[in-house]
Amino acid sequence: MTVAALPQTNFFQIKKGIFSWLFTLDHKRIGLMYLYSVGLFFLVAAGLGVAMRLELLNPGRDIMSPQTYNQVFTLHGVIMIFLFIIPSIPAVFGNFFLPLMLGTDDVAFPKINLLSYWLYVLGALFALSTLMYGSGPADTGWTFYAPYSVKTGTNVTMAVLAAFILGFSSILTGLNFIVTIHRLRTPGMGFNQMPLFAWSLYATSWIQLLATPVIGITLLMIVAERVFGIGLFDPAIGGDPILYQHLFWIYSHPAVYIMALPAMGIVSEIIPTFAQRTIFGYKAIAYSSMAIAFVGYFVWGHHMFTSGMSGPAAIIFSILTFFVAIPTAIKVFNWVATLYKGSINIQVPLLFALAFIFNFMIGGLTGLVLGAVAADIHVHDTYFVVGHFHYVMFGGAGFAFFGALHYWFPKIWGRMYNMRMANIAFTILFIGFNMLYFPMLILGLEGMPRRYYDYLPEFHTLNVVSTVGSWVLATGLLLMIGNLIAGYLKGKAASANPWNGITLEWQTSSPPPLHNFDKMPELTKGGPYNFPNAKSTHKK
Amino acid sequence: MNASNFVEGVDFTLYLILGISIFFLVGITVVMVYFLFRYRKKKNPVATNISHNNTLEVVWTVIPTILVLIMFWYGWTGYTPMRNVPDDAMEINATGQMWKWSFEYPDGKITDSLVVPVNKPVKLNLFSKDVLHSLYIPAFRIKEDVVPGGDNWMWFTAQKEGTFDILCAEYCGQLHSYMLTTITVMEEGEYNTWLKSKPDTSNEHPGLTLMKQNACFSCHTRDGTRLVGPSFKGLFGRQETVIVNGEEKNITADRDYIMESIKNPNASVVKSYQSGLMIQYGNVLNDEQINSIIDYLETIK
């Protein structure tokens, strides 16, 4: 064969036109369609977040009415959770890179993969339709707590149906990844030769598959109650509002790990590549993902310590919650240890990964405060919680998402962005992020409850700092996105392996061909991160 | 002296966990940044593959395990007293409804803000008339959800005289952030005098008193401003378009209509307003009381 002399046909060039995307079965194109969709929704919800911060700049009314504010924070939460974070890393980078990292040509069920994207779009349309009619979008908060969600006249029914449909999208993606990982690893790749990103997706997929049906049925119960008046959650018609909270959190706490575990997987890829050495404690990182996924099912009650839960129940949920901290701490130690005796190439994907560790530590350590029952009683439902979960979700999962975007950008598009601008945007983003969310932790300790349209005068100063932080953060975001778009349009051509990475996706051309590999990828001997140029510590 | 008997246990747990957290956050960040510069490519051109170290990994598993168990322990011991109310605690019923608190004392006195004697255990029985609320006294470090249909309670001993904020901490709709009141802690003698005093409502219309007690003004203004429900200004005798079973209908807001709207508010809702948020006051007020309210409404021109 003499094809090597010809320019490679990559997956962008093989077919053109909108329908070649909308009906594609190529995991890479589906991944990119997810990227553009979740990216759009992220910007919308981030805009809503900036608007909320503007309203909170001063006590009293600044730019919107209380009812509008309540609808804005509900939309912000629903979009960020169901349309951005849950699909983000698995559906974008999992779709694009899982088959590449496993050395195979696609996921196990390409048609189901496309179906899951279409369900995502359908769910998004349902969610957006709530803006168009009646009393407007739901004003319940993303948690849809009963009985308020049963009584309010806003479009709660349509919003929970949207989340119901999005749940199926998530279940199908999880199912697809589990089968792909079990059945389609390249010959010779055992589970313990899998990249850690694949491990993290494996753990995540089991949560998506097993926990999501619970929220599905719970949301249908809300619909049944609103539409048919069946008394499930509203005590006025014989229901129990606490039952709703249990059912909701049985899914929604494991869902936190749907958001966090893939982010940990990204960090476990970026750090060895830029340290140019093997990951420290491969098995500990891989198995701790499974441990977190497992223990994560049994801790939902820590969201309900003030709900009237019995003392013994609170204590049991508290200690189980603390057990999640241990595998998480182990991961952090492993990542930091991987920098030891590395030959570190300080580039922007690594900066995002290290920022992830810093932000995620704050998110995790503040989680310890919330896990301790006595401390939780004080800070529960305050801005401390808002700060905590934004450190985990945005400072953690969000920063990992941006890191992945910068890490795999040259592989996806075959071009490179401007490095200097990427570093500047990162720095502004990191400063803005901490300025926005750190004051919230202090506000919570001082007793400012969450979901407050207005606040007492003593909370003013820190709210001003936080709002100014939102402007810095927005500037960093716009710079980062502008820089990436400029790189996509006219960036310099990137080589197949610009970071000298060692996992299999770096063995194919950039962008990859339709079937991913022109020749069988070669497995690295001695584990997926065994960099051949690094010194070995053990004798052969 | 702390504001309540729980401040010590909660604050100790908080400081302990935050102290350990800051130590680890700073320590790990310093190590991370040090490695970043010490082992940067220029300084260390060839990396070393170190795959694991059993001793180190056991150490950094065991130490966090011990630390989280200590945190758990203090969280537990700080919490247990909150669930063990002394037998001699004085009981007060606290009721939340959109967006107002009210407190009923053993002798039947009802107030909007809470007053308690110092150094005496007080148990609050928590009731909600509509949706979830949460009674939060930041200075006392306590909070408990107010669940409709439930029988939640909380207790405390106030240890310092003064006035502190009471906030609603569970989202409850449009004016959630305005569902505020105060707790005033008094010396016992002063409290007993206060308890016996009657608020002077002799000049107040009895209908108005009832409406204040039932939080009517949370949603309906008397000055024509639009809130959750239609304003009471000029209501009596007004022509309105209402929605009955999905169909528009013109009515006059007369005594019968208002009586029906108070008893069964969702049956016919004025067009452009949401249904579902108002509770059915037929279970709360009798006809005589409702008539007194309508008498008062007639006076708001």
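Every number here is computed from the coordinates shown, using simple stated rules; none is lab data. Just so it is clear, the model here is predicted, and its values are computed rather than measured. Using ideal geometry, Cβ is built from the backbone for each residue, glycine included, and neighbour counts are taken over all protein chains shown.
Over all directions, average the projected area of the Cα convex hull of region B:206-299 and note it in nm².
Working: hull surface 21.9 nm².
If you wrap the Cα atoms of region B:206-299 in a convex hull and average its projections, you get 5.5 nm².
Determine the gain in length on full extension of the stretch residue A:442-residue A:461; use 0.36 nm per residue of separation and subtract their C-alpha separation, reporting nm with one decimal.
5.7 nm
Return the calculated 222 nm mean residue ellipticity for the protein assembly as shown, to the nearest 500 deg cm²/dmol, obtained by summing -39500 (n - 2.57) across DSSP H runs with n ≥ 4 and dividing by the residue count.
For the protein assembly as shown, the value works out to -17500 deg cm²/dmol.
Determine, for each peptide in A:357-369, B:268-280, the mean count of other beta carbons within 10 angstrom over its residues, then list the peptides with the highest first. Intermediate results must be reported in sequence, preceding the final value.
Values: A:357-369: 23.1, B:268-280: 17.1.
Descending mean neighbour count gives A:357-369, B:268-280.
Can you list the equivalent-ellipsoid semi-axes of region B:90-196, largest first and in whole Å, using the square root of 5 times each Cα gyration tensor eigenvalue?
The answer is 22, 14, 12 Å, longest axis first.
If you stretched the chain out fully between residue A:65 and residue A:420, how much longer would it get, using 0.36 nm times the residue separation minus the C-alpha to C-alpha distance?
123.6 nm
Taking a cut-off of 17 Å between Cα atoms, list the lysines near residue B:249, but don't count ones fewer than 8 places away on the same chain.
Here the lysines satisfying the reach criterion relative to residue B:249 are B:271.
FRET efficiency for residue B:63 and residue B:243, Cβ-Cβ distance as r, R0 = 56 Å, nearest 0.05?
In this case the efficiency is close to 0.30.
Work out the mean other chain Cβ neighbour count within 10 Å for the residues of A:304-311 and drop it here as an integer. All intermediate terms of the calculation are to be shown ahead of the outcome.
On the way: counts 1, 5, 12, 8, 10, 3, 1, 6.
The mean count of partner-chain Cβ atoms within 10 Å per residue comes to 6.
Under 10 Å, Cα contacts only: if you run a Gaussian network model on chain B, which one of B:190, B:288, B:57 comes out with the highest mean-square fluctuation?
B:57
What is the P(r) of chain B, as percent of Cα-Cα pairs per 10 Å bin from 0?
5, 20, 23, 17, 13, 10, 7, 4, 1, 0
Compute the acute angle (0 to 90°) between the alpha-carbon long axis of helix B:54-79 and the principal axis of greatest extent of the alpha-carbon atoms of chain B; round to the nearest 10°.
30
Peptide A:153-164: average number of partner chain Cβ atoms within 10 Å per residue?
Mean shielding by partner chains, rounded to a whole number: 1.
What order do you get for A:309, A:259, B:1, A:520 when you list them from fewest to most C-beta neighbours inside 10 Å?
Ranking A:309, A:259, B:1, A:520 by Cβ neighbours within 10 Å, fewest first, gives B:1, A:520, A:309, A:259.
7 Å from Cα along Cα→Cβ at both residue B:53 and residue B:255: what's the point-to-point distance in nm?
8.9
For residue B:1 and residue B:275, what does the FRET efficiency come to when R0 = 45 Å and r is the distance between their Cβ atoms, rounded to the nearest 0.05?
Here the calculated transfer efficiency is 0.35.
What does the charge dipole of chain A about its Cα centre add up to, to the nearest 20 debye, if the Cβ of each Lys and Arg holds +1 and the Cβ of each Asp and Glu holds -1?
Computed about the Cα centre, the dipole is about 1920 debye.
At a Förster distance of 45 Å, what's the computed FRET efficiency of residue A:9 paired with residue A:316, Cβ-Cβ distance as r, to 0.05?
For R0 = 45 Å, the calculated efficiency reads 0.15.
Please give the peptides B:70-76, A:481-487 ranked by average Cβ packing (other Cβ atoms within 10 Å per residue), highest first, as a rough proxy for protection.
Output ranking for B:70-76, A:481-487: B:70-76, A:481-487.
What percent do you get for the relative contact order of chain A when only Cα pairs under 8 Å and 6+ apart count?
Computed value for chain A: 17 percent relative contact order.
Compute a Gaussian network model of chain B, connecting alpha carbons closer than 10 Å, and tell me which residue from B:146, B:30, B:131 fluctuates the most.
Comparing B:146, B:30, B:131 in a Gaussian network model of chain B, the most mobile one is B:30.
Pairs of Cα atoms under 8 Å, at least six residues apart: use those to get the relative contact order of region B:39-125, whole percent.
22
Please average, across the residues of A:133-146, the number of beta carbons from any other chain that are within 10 Å of each residue's own beta carbon, and give a whole number. Before the final figure, lay out the partial values.
On the way: counts 0, 1, 4, 0, 0, 0, 4, 3, 3, 0, 1, 0, 5, 3.
Partner-chain Cβ atoms within 10 Å, mean over residues of A:133-146: 2.
Fewest first, what order do B:187, B:298 take by the number of other Cβ atoms within 10 Å?
On the way: B:187 11, B:298 14.
Listed from fewest to most nearby Cβ atoms, that is B:187, B:298.
Could I get the Rg over Rh figure for chain A? Both from C-alpha atoms, Rh via Kirkwood, rounded to two places.
A ratio of 0.96.
Exposure proxy check: B:38, A:415 ranked by fewest other beta carbons within 10 Å? Don't jump to the answer; show the numbers that get you there.
On the way: B:38 14, A:415 18.
Sorted ascending by nearby Cβ count, the order is B:38, A:415.
With chain B treated as a Gaussian network of Cα nodes joined by springs under 10 Å, which of B:80, B:221, B:29 yields the largest mean-square fluctuation?
Looking only at B:80, B:221, B:29, the largest GNM fluctuation is found for B:29.
Taking Cα pairs under 8 Å and at least six residues apart, what relative contact order does region B:142-208 come out at, in percent?
This gives 25 percent for region B:142-208.
Within region A:1-157, how many Lys pairs that are eight or more residues apart, or on different chains, come under 26 Å at the alpha-carbon?
Lysine pairs satisfying the spacing and distance rule in region A:1-157 number 5.
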